[in-house]
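Worksheet: one structure, shown below.
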Amino acid sequence: MYYIIRNGVWQKKSEASGQEEGLMGIFPYEDMLSCGKKWGITPEILEDARRFSYARYDSFENFDCVSLEMLDFRNILLSRGSVILYLEKGKAFFFTSKIEEVNSLLEECMETLGERVTLNRMIYLFFEMQTKEDDIAFDGIEKEIMDLEQALIATGKRDCVSEIISLRKRLMVLKKYYEQFLNVLDILVENENGIFDGKTLRSFKMLYRRTERRFQNVLNLREYVTQVRESYEAEVDISLNTTMKIFTVVTTIFLPLTLIVGWYGMNFDMPEYDWKYGYLFVTLISVVCILAVIAIFKKKKWF
């Protein structure tokens, strides 16, 4: 499918000769090699462009090749598909795994631009739309972190390892995505092949600065999660220390009894064995020792 964008007007076509001004084509990955052959694009370049993580920009002589992963900001761990852009001056070809979604997105861009539609503005707006819904992700993650922190402080929640791991995983995905997206924008604004005009380049520079702020926001959220994790670890340590303190106190209280048991468990003939009140005497000593140790502990506020 092709679009011809000229003089603020766009029209859809099923075929194109390649001589049209403002030519834009959208194709599935299955047609990538045949379309590449038709338009003189080296197949190895297109195949290599598919081997990427989130975003990649390659600049060649007279054309650029951009690879993008369309991140789903409503569910960060999922992707809405990937797209490869082949860019020449006056031409743009989109190869994608989700042709209907990309086609719908491009038509939305054209409707948004209205009479201001140009091929360069279309390409810029397509890049801008890649991060259009990132506020949803940031607001959701920030609320999750705040709720988790509140739960740790107010209710003393103990089982939050899975929540922390999930938050860190999603923030790692966002960090990698924005890092690579910034690299793409950084190379794009260099405009080595003169594909974009000055006005579009200024828009890309503004997008770069906005993306940079988003990236910094991701780093801040990662730091926030780290602080919450440290608070959780501190709570676990306090809980463990309290448990160990209880065990220590109990052990210390019964330590004199252990001594008495050891003393009278020796295989010697002791006078107390024949004494009428020997058993009662040992029992009273045991009780007195326990009470004395408890009194000392309470006086020194050890428990």
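The values are calculated or read from the model by the stated rules, or taken from the named source; none is laboratory data. Model, not experiment: these values are computed from the prediction. Cβ atoms come from the backbone with ideal geometry, glycine included; neighbour counts cover every protein chain shown. These area figures cover heavy atoms from the full protein model, side chains too; ligands, DNA and RNA do not enter into them. Shrake-Rupley method; radii C 1.70, N 1.55, O 1.52, S 1.80 Å.
Scanning segment 40-57 for residues that are closer than 19 Å to GLU88 by Cα and either basic (Lys, Arg) or open to solvent by 40 Å² or more (accessible area, probe 1.4 Å) (or both) yields GLY40, THR42, PRO43, GLU44, GLU47, ASP48, ARG50, ARG56. Scanning segment 282-303 for residues that are without any contact (Cβ under 8 Å) to a residue 40 or more places away in the chain, in contact with a helix residue (DSSP H, G or I) (Cβ under 7 Å, 6 or more places away or on another chain) and of a type outside the set (Ser, Thr, Tyr) turns up VAL282, ILE285, CYS289, ILE290. From the list PRO271, PRO256, which one is over 30 Å from LEU171 (Cα atoms) and open to solvent by less than 70 Å² (accessible area, probe 1.4 Å)? None of the others qualify; the one that does is PRO256.
The C-beta contact set for segment 196-219 (first residue under 11 Å from LEU185 (Cβ atoms) and modelled with pLDDT of 90 or more, second residue among the β-branched types (Val, Ile, Thr) and crowded, with 17+ Cβ neighbours inside 10 Å, distance under 8 angstrom, 6+ apart or interchain) comprises ARG210/THR131; THR211/THR131.
Residue check: ILE246 meets all listed conditions (1) open to solvent by 50 Å² or more (accessible area, probe 1.4 Å); (2) in contact with a helix residue (DSSP H, G or I) (Cβ under 7 Å, 6 or more places away or on another chain) but one, namely (2). The residues on offer are SER203, SER286, SER239, and the sole one that is open to solvent by 40 Å² or more (accessible area, probe 1.4 Å) and either touching a Lys or Arg at 6+ places or on another chain (Cβ under 6 Å) or not acidic (Asp, Glu) (or both) is SER239.
Residue-wise test of (1) more than 12 Å from the chain's Cα centre (by Cα); (2) part of a loop (DSSP other than H, G, I, E, B); (3) surrounded by fewer than 16 Cβ atoms within 10 Å (Cβ to Cβ).
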| residue | (1), (2), (3) |
| --- | --- |
| GLU142 | no, no, yes |
| LEU148 | yes, no, no |
| LEU152 | yes, no, no |
| ILE164 | no, no, no |
| LYS169 | no, no, yes |
| MET172 | no, no, yes |
| TYR177 | no, no, no |
| PHE181 | yes, no, no |
| ASN191 | yes, yes, no |
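Pairs linking a residue in segment 246-269 that is free of Cβ contacts under 8 Å to residues at least 40 places away in the same chain to a residue that is surrounded by 10 or more Cβ atoms within 10 Å (Cβ to Cβ) and part of a loop (DSSP other than H, G, I, E, B), with Cβ atoms under 8 Å and 6 or more positions apart or on different chains, are TYR264/MET270.
Taking strands (runs of 3 or more DSSP E) as the structural unit, those lying wholly within segment 54-138 and holding at least 2 residues that are free of Cβ contacts under 8 Å to residues at least 24 places away in the same chain and under 15 Å from LEU174 (Cα atoms) correspond to 79-88.
Note on segment 27-53: residues that are over 22 Å from LEU185 (Cα atoms) and outside any helix (DSSP H, G or I) amount to 6.
Checked against the criteria, GLU272 does not count as touching a residue at least 40 places away in the same chain (Cβ under 8 Å) and either in contact with a Pro (Cβ under 9 Å, 6 or more places away or on another chain) or not in a loop (DSSP other than H, G, I, E, B) (or both).
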